[in-house]
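Trainee: The structure is given below, and queries will be raised subsequently.
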Amino acid sequence: MRTDPLAYLSAELDALAAQGLRRSLREISGEQAHRSVVDGKSVVNLSSNNYLGLTNHPALKQRAIEAIERLGVGSGSVRTIAGTMAIHAELERVLADFKQVDAVVVFQSGFTANAGTVSSILTKEDVVISDELNHASIIDGCRLSRATIKVFPHKDVDAARKILRELPPAQRKLLITDGVFSMDGDLGPLPGLCAAAEEYGAIMMVDDAHASGVFGRNGRGTVDHFAMHGRVDVQVGTLSKAIGALGGYVAGSRALIDFLHHRARPFLFSTSHPPSVAATCLGAVQLLLDEPQIIERLWENTRFFQAGLKRLGFDIGLTESPITPVIVGEGSKAMQLSDKLFAAGVFAQGIAFPTVARDKARVRTIVTATHTQDELQFALDAFATVGRELGLI
Ligand SMILES: Cc1ncc(COP(=O)(O)O)c(C=O)c1O
């Protein structure tokens, strides 16, 4: 009989189980919402990136249905062959206006936008200067580019400057940061990094996945929040989180976008969005412009929930955004906290190594604009009970 050549994978899974880190995927029946049915249980959902509650917004569902009826369910091709439908181009024009840049290109996801862009604009002769907590899609893009990667300590502008200073002036270099860090919720130090990039002639890139729809006027992102327009060469945004659908985009100069049309591999080699996705995103951008009060509700809920957790004595790190980590230390403790919260009716996913450092495991929460204060108070009460049970507060 043939021996299983993948047996080592089971051994690794057993090792994860022994450390209390093996997880099965939780399943949501029904809609992704502020209250969802997860593994058959109705829970307050604090685990999604559905910041504005747009995943099931009636007007956006209507847009998607109308697009399916008018344009079908798929695009049938990659963008560069036959997969550029008028609605894809319309979305890019609307996003370019929204972001106040020359041009935008939409990718299948934020992940492919980051990885496809970094890997195509750099070569192995180049250098990337990257925050140590930048997202995995940036790291993968850097690795694919084969550029030299120099990592600076989290948010340490002086350390980034030091790396830049030591590089030859003619060296092509990319300085890159997340706008909002996805596991801690703090903001990239854009003003300091932009100034350093300008001083040393680096390309400046910001991944605004968690800022899209959350920070800046009408959710334009951290570049708008910090008034850095014209100083960031490459902005990445996502359509998969606050915008409620799926996709990522790059915003920048016409030449950057034209270059990505020719060289970004996910754009060249993977089919474009179904037209209903583009239609939904168009509707979502319109909502951000017409109803910015949705974003204000997100921030009200964020303030209420974070103040409650702090009052209880939890460590929520240095968050400046709706991403609210409840940091507990050990991975198995975070999973215990998550499991007990779930039993108490609150869905807050545990996050451990390798997503965060080994001693910084946490439960990561995000409230949405659509949670009611009763739901948030219910969640705070559950955190209080379970936190005391586990000796965390
Ligand atoms: C900082 C950051 N960048 C990029 C992405 C990828 O975005 P998407 O989910 O649209 O692929 C994520 C999502 O996890 C993220 O947190």
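The values are calculated or read from the model by the stated rules, or taken from the named source; none is laboratory data. Everything quoted here is computed from the prediction, not taken from an experiment. Using ideal geometry, Cβ is built from the backbone for each residue, glycine included, and neighbour counts are taken over all protein chains shown. Areas reflect the complete protein model, heavy atoms only, side chains present, ligands, DNA and RNA absent. Shrake-Rupley method; radii C 1.70, N 1.55, O 1.52, S 1.80 Å.
Trainee: For the subset of segment 134-175 comprising residues that are among the polar types (S, T, N, Q) and surrounded by fewer than 21 Cβ atoms within 10 Å (Cβ to Cβ), which member is farthest from M204 (Cα to Cα)? Give the derivation first.
Mentor: From segment 134-175, those among the polar types (S, T, N, Q) are 134, 137, 145, 148, 171; that's our starting set.
If we keep only those that are surrounded by fewer than 21 Cβ atoms within 10 Å (Cβ to Cβ) as well, we get 148, 171.
Details: T148: 16, Q171: 14 Å.
Applying the filter and picking the extreme gives T148.
Trainee: Given (1) out of contact with any helix residue (DSSP H, G or I) (no Cβ under 7 Å at 6 or more places or on another chain); (2) touching a residue at least 40 places away in the same chain (Cβ under 8 Å); (3) in a strand (DSSP E or B), where does R23 come up short, assuming only one miss?
Mentor: (3)
Trainee: Is it the case, given these coordinates, that E90 is of a type outside the set (F, W, Y), over 25 Å from F347 (Cβ atoms) and open to solvent by 50 Å² or more (accessible area, probe 1.4 Å)?
Mentor: Details: of a type outside the set (F, W, Y): yes; over 25 Å from F347 (Cβ atoms): yes; open to solvent by 50 Å² or more (accessible area, probe 1.4 Å): yes.
Against the criterion (of a type outside the set (F, W, Y), over 25 Å from F347 (Cβ atoms) and open to solvent by 50 Å² or more (accessible area, probe 1.4 Å)), E90 qualifies.
Trainee: OK, next. What is the number of the single condition among (1) aliphatic (A, V, I, L, M); (2) farther than 30 Å from F342 by Cα; (3) open to solvent by less than 10 Å² (accessible area, probe 1.4 Å); (4) within 16 Å of the ligand (Cβ to nearest atom) that V106 does not meet?
Mentor: (3)
So that you can scan it fast, the table gives a plain yes or no per residue for (1) open to solvent by 50 Å² or more (accessible area, probe 1.4 Å); (2) touching an Asp or Glu at 6+ places or on another chain (Cβ under 9 Å); (3) more than 16 Å from S36 (Cβ to Cβ); (4) assigned to a loop (DSSP other than H, G, I, E, B):
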residue: V326; (1), (2), (3), (4): no, yes, yes, no
residue: K333; (1), (2), (3), (4): yes, no, yes, no
residue: T355; (1), (2), (3), (4): yes, no, yes, yes
residue: T368; (1), (2), (3), (4): no, no, no, yes
residue: H371; (1), (2), (3), (4): no, no, no, yes
residue: I393; (1), (2), (3), (4): yes, no, yes, yes
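Trainee: Anything in segment 221-245 that is away from the ligand (no atom under 11 Å from the Cβ) and either within 16 Å of F267 (Cβ to Cβ) or of a type outside the set (A, V, I, L, M) (or both)? List them, or say none.
Mentor: Residues satisfying the conditions are G221, T222, D224, H225, F226, H229, G230, R231, D233, V234, Q235, G244.
Trainee: Just to be sure I understand, how many residues within segment 116-133 are open to solvent by 10 Å² or more (accessible area, probe 1.4 Å) and within 14 Å of the ligand (Cβ to nearest atom)?
Mentor: Summing the residues that are open to solvent by 10 Å² or more (accessible area, probe 1.4 Å) and within 14 Å of the ligand (Cβ to nearest atom) in segment 116-133 gives 2.
Trainee: Mind checking which pairs have a first residue in segment 33-51 that is within 13 Å of the ligand (Cβ to nearest atom) and at pLDDT 95 or above and a second that is open to solvent by 10 Å² or more (accessible area, probe 1.4 Å) and not in a strand (DSSP E or B), Cβ under 7 Å, 6 or more apart or different chains?
Mentor: Pairs found: S47/Q349; S48/Q32; N49/K241; N50/Q32; N50/G244; Y51/K241.
Trainee: Is there any pair with a first residue in segment 151-175 that is assigned to a strand (DSSP E or B) and a second that is exposed (fewer than 14 other Cβ atoms within 10 Å of the Cβ) whose Cβ atoms are under 8 Å apart and which are 6 or more apart or on different chains, and what are they?
Mentor: V151/E132; F152/E132; K173/G201
Trainee: Could you say which residue among S145, S182 is within 16 Å of the ligand (Cβ to nearest atom) and hydroxyl-bearing (S, T, Y)?
Mentor: Residue meeting the stated conditions: S182.
Trainee: Now for a different question. Looking at segment 281-292, which of its residues are farther than 19 Å from T222 by Cβ and within 14 Å of the ligand (Cβ to nearest atom)? Outline the logic, then answer.
Mentor: The first filter runs over segment 281-292 and keeps only residues farther than 19 Å from T222 by Cβ, leaving 281-283, 286-287, 290-291.
Once the filter is applied, which keeps residues that are farther than 19 Å from T222 by Cβ and within 14 Å of the ligand (Cβ to nearest atom), segment 281-292 yields only C281.
Trainee: Further question: Consider only pairs whose beta carbons are under 7 Å apart and that are at least six residues apart or on different chains; among these, list those whose first residue lies in segment 180-196 and is in a strand (DSSP E or B) and whose second residue is open to solvent by 10 Å² or more (accessible area, probe 1.4 Å) and of a type in the set (D, E, K, R).
Mentor: What qualifies is L187/E320.
Trainee: Also, I was wondering about something else. Got a number for residues in segment 246-275 being away from the ligand (no atom under 14 Å from the Cβ) and not hydrophobic (A, V, I, L, M, F, W, C)?
Mentor: 12
Trainee: Quick one: would you say T319 is crowded, with 22+ Cβ neighbours inside 10 Å, over 30 Å from D97 (Cβ atoms) and within 17 Å of the chain's Cα centre (by Cα)?
Mentor: Details: crowded, with 22+ Cβ neighbours inside 10 Å: no; over 30 Å from D97 (Cβ atoms): yes; within 17 Å of the chain's Cα centre (by Cα): yes.
Taking the combined requirement at face value, the residue does not satisfy it.
Trainee: Of the residues A159, A136, A202, A170, only one is within 26 Å of T319 (Cα to Cα) and away from the ligand (no atom under 16 Å from the Cβ); which? Full working, then the answer.
Mentor: Working: A136 fails: away from the ligand (no atom under 16 Å from the Cβ); A202 fails: within 26 Å of T319 (Cα to Cα); A170 fails: within 26 Å of T319 (Cα to Cα).
Being within 26 Å of T319 (Cα to Cα) and away from the ligand (no atom under 16 Å from the Cβ) holds for just one of A159, A136, A202, A170, which is A159.
Trainee: Can you tell me which residue among A352, A384, A357 is modelled with pLDDT of 95 or more and hydrophobic (A, V, I, L, M, F, W, C)? Working first, answer last.
Mentor: Numbers: A352 fails: modelled with pLDDT of 95 or more; A357 fails: modelled with pLDDT of 95 or more.
None of the others qualify; the one that does is A384.
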